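The values are calculated or read from the model by the stated rules, or taken from the named source; none is laboratory data. Quick caveat: nothing in here was measured; it's all calculated off a predicted structure. A quick note on method: Cβ atoms are made from the backbone with ideal geometry, for glycine too, and the neighbour counts reach across all protein chains shown. Accessible surface is based on the protein model in full, side chains and every heavy atom, while ligands, DNA and RNA are left aside. Shrake-Rupley method; radii C 1.70, N 1.55, O 1.52, S 1.80 Å.
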Amino acid sequence: MGIFDTIKEKLSNEFIDIIEWLDYTDDTICHRFERYQNEIKNNAKLIVREGQTAVLINEGQLADVFKPGTYTLNTQNMPILTTLKGWKYGFNSPFKAEVYFVNTHLFTDEKWGTKNPITLSDDRFGLVEIRAFGTYAYRINDAGKFIIDIVGTDNNFTNFEINEHLKSLIATRFTDTVGEAKLPIELYAANTTELSETCKEVMQPEFNSVGISLEKFFIENVSMPEELKKEIFEYSRIDKLDLDKLTKFKTAKAIEAAAANEGGTAGAGMGMGMGFVLAQQMGGMMNPQMGQQQGQQQQQQGGMMPPPMPSAVQYFYAANGTQAGPVSLQQLQGLFANRTVNKDTLVWKAGLAEWTALQQVEELKSFLGGNTPPPLPPQ
């Protein structure tokens, strides 16, 4: 073997290349495989491990995408790149292409939260403010789209670089979702599971548009100001309690507190009042017959009292298309005498179903001279 054959064999062996990426970090999403002048040798070995996707970019254009496996790079397994290069009969020389490795494993326990309070309108409490926070998990489901839309030419794209964008997106969509839900304010914290599922469905299209899949979304807490929380608790108690019983309970507690203040005049008076009340109750319990006798005496005395005086009948009348009155019977008779009202005037009193002409009301017919006897019949 001549010297030139030795050099040729050596160079041929150097052309064989292995392209792979071992991720030793926890936050790298995309890594560009660096080669001198981006040259890849013919029949190079491409090793894509589980949880990875390899993407070839040719002169800024997306070429081929490789899932986990081992590949020998040639025209058979690089159809798109072969078309872009215009290779019809294969190639034997090195070619230029950028190789990006994308992490497709699940990125978990990512934090999100509302930077500013969310203002909501509640039917009972008016405008209220809430905050929320939680966690989410995502993975890259379309490596090509993710590199084109998000990564660009970044040679080492990390989770930190996209996390702020995703948190802002989540906060915006969360605000829209809770605003359209129109739930009572206390139900947001009580229905975090249902609200989480709804928010995930709303946000999923936004994530998919850049090649990301939102795998999990959790709302851990929805908080509100302490004074509003106290109002809600008090409102809930009142809504469940019997207001009459609550009033009696509060009164009893107030009496107890006042009676405990032995040095105060209010306490002494309250104590005396309680004593009288208890004495009456105890007397009624110890001597029920006496109580019955007192009740019978009160009933007998009540039977001897005359009934209340009957109230005078009041009349309303129509004058010039408007309602006038009320007036007494004597006042109405005076109005008839001075011709303010006549027999056809509409009048009303309690007991009449509708307005009635004066001449049709029985007790008012005397205004018309109805008490004068008619003339005698001819003999």
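Among residues of region 38-61 being open to solvent by 60 Å² or more (accessible area, probe 1.4 Å) and out of contact with any strand residue (DSSP E or B) (no Cβ under 7 Å at 6 or more places or on another chain), the one that is farthest from residue 142 (Cα to Cα) is 59.
For the residues 22, 56, 62, the requirement of being assigned to a loop (DSSP other than H, G, I, E, B), within 24 Å of residue 157 (Cα to Cα), at pLDDT 75 or above and hydrophobic (A, V, I, L, M, F, W, C) singles out 22.
Considering (1) without any contact (Cβ under 8 Å) to a residue 60 or more places away in the chain; (2) open to solvent by less than 60 Å² (accessible area, probe 1.4 Å), the lone condition that residue 180 does not fulfil carries the number (2).
Please go through region 66-82 and pick out each residue that is modelled with pLDDT of 80 or more and surrounded by fewer than 18 Cβ atoms within 10 Å (Cβ to Cβ). Within region 66-82, 67, 68, 69, 70, 72 qualify.
Among the residues examined, residue 146 qualifies as at pLDDT 90 or above and either within 20 Å of residue 229 (Cβ to Cβ) or open to solvent by less than 40 Å² (accessible area, probe 1.4 Å) (or both).
For region 325-349, how many residues meet the condition of being assigned to a strand (DSSP E or B) and either surrounded by 18 or more Cβ atoms within 10 Å (Cβ to Cβ) or at pLDDT 85 or above (or both)? Of the residues in that region, 4 qualify. Taking the criterion of being in contact with a Cys (Cβ under 9 Å, 6 or more places away or on another chain) and of a type in the set (Lys, Arg), the only residue of region 131-185 that qualifies is 173. Of the residues in region 218-233, not one is modelled with pLDDT of 75 or more, more than 23 Å from residue 129 (Cβ to Cβ) and surrounded by 11 or more Cβ atoms within 10 Å (Cβ to Cβ).
For residue 122, are the conditions met, namely being open to solvent by less than 20 Å² (accessible area, probe 1.4 Å), among the acidic types (Asp, Glu) and at pLDDT 75 or above? In short, yes.
Please determine, by comparing only the residues of region 172-213 that are farther than 29 Å from residue 53 by Cα and in a loop (DSSP other than H, G, I, E, B), which one is modelled with the highest pLDDT. The residue in question is 191.
Of all residues in region 352-374, those satisfying the criterion of being modelled with pLDDT under 80, open to solvent by less than 80 Å² (accessible area, probe 1.4 Å) and part of a loop (DSSP other than H, G, I, E, B) are 369, 370.
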